[in-house]
Amino acid sequence: MPRAVRFDKYGGLEVLQVVEVDRPIPGRGKVLVRVKAAGINPGEASIRKGLFAERWPATFPSGQGSDLAGIVEEVGPGVTNVGVGDEVIGFTENRSSQAELVVVESGNLVPRPGNVSWEQAGALFVAGTTAYAAVRSVALNAGDTVVVSGAAGGVGSIAVQLARDAGAKVIGLAGEANHQWLSEHGVIPVTYGDGVEDRIRAACGGKVDALIDTFGGGYVELALKLGVAKSRIDTIIDFAAAAKYGVKTEGNHEAANAEVLAQLAGLLSAGRLEIPIAKVFPLADVREAYRELEQRHTRGKIVLEP
């Protein structure tokens, strides 16, 4: 019997289990994928803790995960875009990707380019589409200056690259351990913490045009202090500040489709985008993977391998 991550109630890491489940059967328009890699994301931890119980309630027993990459094992009736044996990148909206086998809508799958690793492919969807939407929301033009908080995190590390690809001057807020990586990707690294406003002003050489907040904890207010227009501030995490000040909250929901996923896969294949992989854990170590994630100090993505 295949194994899958499950939890039966809201709680800490202790509620996560890897259990045997019935083999899924793909219905019409659906595909059964044998998962090779599945990324994990902060939002999944928040849902499991019950922090979003009103916004995104769980139905117990609940699975977990959206990101996946794998090999098509079986196709349901009416599926014409993929076949058995195809290597694919995709996503599920049923919180079920952290498993050995998962049923996916055929329209949620795109081909995996041969030069894109399973780990990068499996970590691409949530962080990639979130970064894509956030960068698009602040309407960058060539020569604009944009600040990205959490610039070495799962979303931030992709957002800074997409912003550079758009021709912007990018200031990335991160700890010193990540400054070299940022510099190597054309980003001006600035240490977060006390005095960050002054450091940003010194680094930007003029005004700041946009700010993308992937971390929370006061960066919306900082953007306003820096004179950034509300229409060019996007936070993917600080919903209270967004409601208070009227800034944007565009993220995964606004770009959660196969077309954007295929674009991102193309950028990966062309060498114009990198998904840094912080650590890879076996599926059985899902608790340890989330323990690492919740420290909020990883560069890039953490991935499970069934």
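The values are calculated or read from the model by the stated rules, or taken from the named source; none is laboratory data. All values derive from a computational prediction rather than experimental measurement. Here Cβ is always computed from backbone atoms with ideal geometry, including for glycine, and neighbour counts include all displayed protein chains. Heads up: the accessible areas ignore ligands, DNA and RNA and are worked out on the full protein's heavy atoms, side chains in. Shrake-Rupley method; radii C 1.70, N 1.55, O 1.52, S 1.80 Å.
Just checking, which of 110, 170, 148, 102 is of a type outside the set (Gly, Ala, Ser), in contact with a Gly (Cβ under 6 Å, 6 or more places away or on another chain) and assigned to a strand (DSSP E or B)? The conditions single out 148. Residues in region 17-48 that are outside any strand (DSSP E or B), out of contact with any helix residue (DSSP H, G or I) (no Cβ under 8 Å at 6 or more places or on another chain) and open to solvent by 80 Å² or more (accessible area, probe 1.4 Å): 22, 23, 25, 28. Quick one: count up the residues across region 173-202 that are under 22 Å from the mean Cα position of the chain (by Cα), part of a loop (DSSP other than H, G, I, E, B) and closer than 16 Å to residue 213 by Cα. Of the residues in that region, 4 qualify. With respect to the conditions (1) open to solvent by less than 10 Å² (accessible area, probe 1.4 Å); (2) over 28 Å from residue 119 (Cβ atoms), residue 160 lacks only one, and its number is (2). Restricting region 121-145 to residues that are among the hydrophobic types (A, V, I, L, M, F, W, C) and assigned to a helix (DSSP H, G or I), the residue that is farthest from residue 255 (Cα to Cα) is 121.
Here residue 231 passes the criteria (1) under 12 Å from residue 147 (Cβ atoms); (2) small (Gly, Ala, Ser); (3) open to solvent by 40 Å² or more (accessible area, probe 1.4 Å) except the one numbered (1).
Listed here are the residues, each with its yes/no results for (1) aliphatic (A, V, I, L, M); (2) open to solvent by 20 Å² or more (accessible area, probe 1.4 Å).
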residue: 211; (1), (2): yes, no
residue: 215; (1), (2): no, yes
residue: 218; (1), (2): no, yes
residue: 223; (1), (2): yes, no
residue: 237; (1), (2): yes, yes
residue: 243; (1), (2): yes, yes
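Taking region 115-129 as the range and being crowded, with 24+ Cβ neighbours inside 10 Å, among the hydrophobic types (A, V, I, L, M, F, W, C) and in contact with a Ser or Thr (Cβ under 9 Å, 6 or more places away or on another chain) as the test, the residues that pass are 125, 126, 127.
Could you say whether any residue in region 242-265 is aliphatic (A, V, I, L, M), within 28 Å of residue 55 (Cβ to Cβ) and out of contact with any helix residue (DSSP H, G or I) (no Cβ under 7 Å at 6 or more places or on another chain)? The answer is yes, given that some residue of region 242-265 is aliphatic (A, V, I, L, M), within 28 Å of residue 55 (Cβ to Cβ) and out of contact with any helix residue (DSSP H, G or I) (no Cβ under 7 Å at 6 or more places or on another chain). Consider region 295-306 and keep the residues that are of a type outside the set (A, V, I, L, M) and surrounded by 15 or more Cβ atoms within 10 Å (Cβ to Cβ). The one that is modelled with the highest pLDDT is 305. When region 83-99 is filtered for residues that are in contact (Cβ under 8 Å) with a residue 12 or more places away in the chain, part of a loop (DSSP other than H, G, I, E, B) and surrounded by fewer than 20 Cβ atoms within 10 Å (Cβ to Cβ), the ones remaining, listed by number, are 84, 85, 86, 93, 94, 95. Consider region 101-113. How many of its residues are crowded, with 21+ Cβ neighbours inside 10 Å, in contact with a helix residue (DSSP H, G or I) (Cβ under 8 Å, 6 or more places away or on another chain) and not β-branched (Val, Ile, Thr)? Qualifying residue count for the region: 3. Among the residues of region 49-60, not a single one is touching a helix residue (DSSP H, G or I) at 6+ places or on another chain (Cβ under 8 Å) and not hydrophobic (A, V, I, L, M, F, W, C). Here's a check for you: in region 274-294, which residue that is closer than 17 Å to residue 158 by Cβ and among the β-branched types (Val, Ile, Thr) is surrounded by the fewest Cβ atoms within 10 Å (Cβ to Cβ)? Taking the candidates together, the pick is 277.
From the list 73, 14, the one residue that fits, being touching a residue at least 40 places away in the same chain (Cβ under 8 Å), open to solvent by less than 80 Å² (accessible area, probe 1.4 Å), of a type in the set (Asp, Glu) and outside any loop (DSSP other than H, G, I, E, B), is 73.
Consider region 182-205. How many of its residues are open to solvent by 20 Å² or more (accessible area, probe 1.4 Å) and either under 27 Å from residue 272 (Cβ atoms) or without any contact (Cβ under 8 Å) to a residue 24 or more places away in the chain (or both)? Going through region 182-205 one residue at a time, the tally reaches 16.
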